[in-house]
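The next block holds one structure in the form of structure tokens; read it before the comments.
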Amino acid sequence: MNSIHRTKPQPSGGTAGRTDLGRRLAARREALGLTREDLGRRCGADGHYIAYLEEHAAAPAIGTLVRLADVLGVTVDDLTGASTGRVRGRSSARLDTALTPLDADECRTLLGTHGVGRIAVFTPEGPAILPVNYVTAGSDIAFRTAAEALAARAAGTEVAFEIDNIDDVTAGGWSVLAVGELEAVTNTDEVQHLTATARSQPWAGGPRTHWMKLTPLRLTGRRVSHAS
């Protein structure tokens, strides 16, 4: 852990996320609701060093990047921006690969590490899969959409929700699938709670204030792992 502290933090004064690394680090940390002190404590640094990484050009050791990425639930390439524009999943498969089921607790933990997933709904024209920004609230998965959108019109039907993570470096990854009935959130207190819980606005923009939630009846996951 000593390598984390070799660079003396400078006084805070720059704009958070001055470099690509700083912007990605700050955005992911804030999406997870972590303070700089929280992140530093979890990866063996301190809040001043996290502030330095976010606000100044820095070249942290690979060990530091690995610990940061692990705490933030992303890969080092995701954190540094090396994976931007690269098509995922094209690395060669390994011979020692095994597909391991995930238990419900691990699935719920992984759901809490992401902010974008895919909702699969049935429409009169056939099935559709839609990306959504989501939050977890207890056992529920909730997201905002427009009142006239496909997802809103799917209220009362069975839907599937999926997230995944792909690591081309290790040819590994995982996926989580939740299946259940989609409901419109109409209780005022619940709407206020979800709105307060959400850490960002939907990326699609527009008046997306119609909250929907899925309470999973089935929650399953799988991980691609290796023997060595």
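The values are calculated or read from the model by the stated rules, or taken from the named source; none is laboratory data. Since the model is a prediction, treat every value here as computed from it, not as a measurement. Here the Cβ positions follow ideal geometry from the backbone for every residue, glycine too, while neighbour counts run over all protein chains shown. The area values use the complete protein model at the heavy-atom level, side chains included, leaving out ligands, DNA and RNA. Shrake-Rupley method; radii C 1.70, N 1.55, O 1.52, S 1.80 Å.
Which number in (1) at pLDDT below 90; (2) in contact with a helix residue (DSSP H, G or I) (Cβ under 8 Å, 6 or more places away or on another chain); (3) among the basic types (K, R); (4) more than 20 Å from L111 (Cα to Cα) marks the one condition that K8 misses?
Checking K8 against (1) at pLDDT below 90; (2) in contact with a helix residue (DSSP H, G or I) (Cβ under 8 Å, 6 or more places away or on another chain); (3) among the basic types (K, R); (4) more than 20 Å from L111 (Cα to Cα), the one that fails is (2).
Looking only at segment 169-224, count every residue that is of a type in the set (D, E, K, R) and within 17 Å of A151 (Cβ to Cβ) and tell me the total. Reasoning before the result, please.
Pass one, segment 169-224, residues of a type in the set (D, E, K, R): 181, 183, 189-190, 199, 208, 213, 218, 222-223.
Of the ones still in play, those that are also within 17 Å of A151 (Cβ to Cβ) are 181, 183, 208, 213.
Here the count works out to 4.
Scanning segment 43-71 for residues that are in contact with a Cys (Cβ under 9 Å, 6 or more places away or on another chain) and buried (at least 22 other Cβ atoms within 10 Å of the Cβ), which turns out modelled with the lowest pLDDT?
Among residues in segment 43-71 that are in contact with a Cys (Cβ under 9 Å, 6 or more places away or on another chain) and buried (at least 22 other Cβ atoms within 10 Å of the Cβ), the one modelled with the lowest pLDDT is T64.
Quick one: which of A152, A147, A120 is free of Cβ contacts under 8 Å to residues at least 60 places away in the same chain and within 21 Å of G205 (Cα to Cα)?
A120
Out of (1) more than 19 Å from the chain's Cα centre (by Cα); (2) β-branched (V, I, T); (3) under 13 Å from Y134 (Cα atoms), what's the single condition that is false for T195?
(1)
Residue by residue, here is whether (1) assigned to a helix (DSSP H, G or I); (2) among the charged types (D, E, K, R) holds:
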| site | (1), (2) |
| --- | --- |
| A26 | yes, no |
| R29 | yes, yes |
| L34 | no, no |
| G40 | yes, no |
| Y49 | yes, no |
| L53 | yes, no |
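May I ask you to verify whether G156 is of a type in the set (G, A, S), farther than 26 Å from G81 by Cβ and part of a loop (DSSP other than H, G, I, E, B)?
In short, yes.
Can you go through T195, T188 and tell me which one is without any contact (Cβ under 8 Å) to a residue 60 or more places away in the chain, more than 20 Å from A120 (Cβ to Cβ) and surrounded by 12 or more Cβ atoms within 10 Å (Cβ to Cβ)?
The unique qualifying residue is T195.
When you scan segment 203-218, do you find a residue that is over 21 Å from T109 (Cα atoms), open to solvent by 40 Å² or more (accessible area, probe 1.4 Å), touching a residue at least 60 places away in the same chain (Cβ under 8 Å) and assigned to a strand (DSSP E or B), even just one?
Yes: one or more hits.
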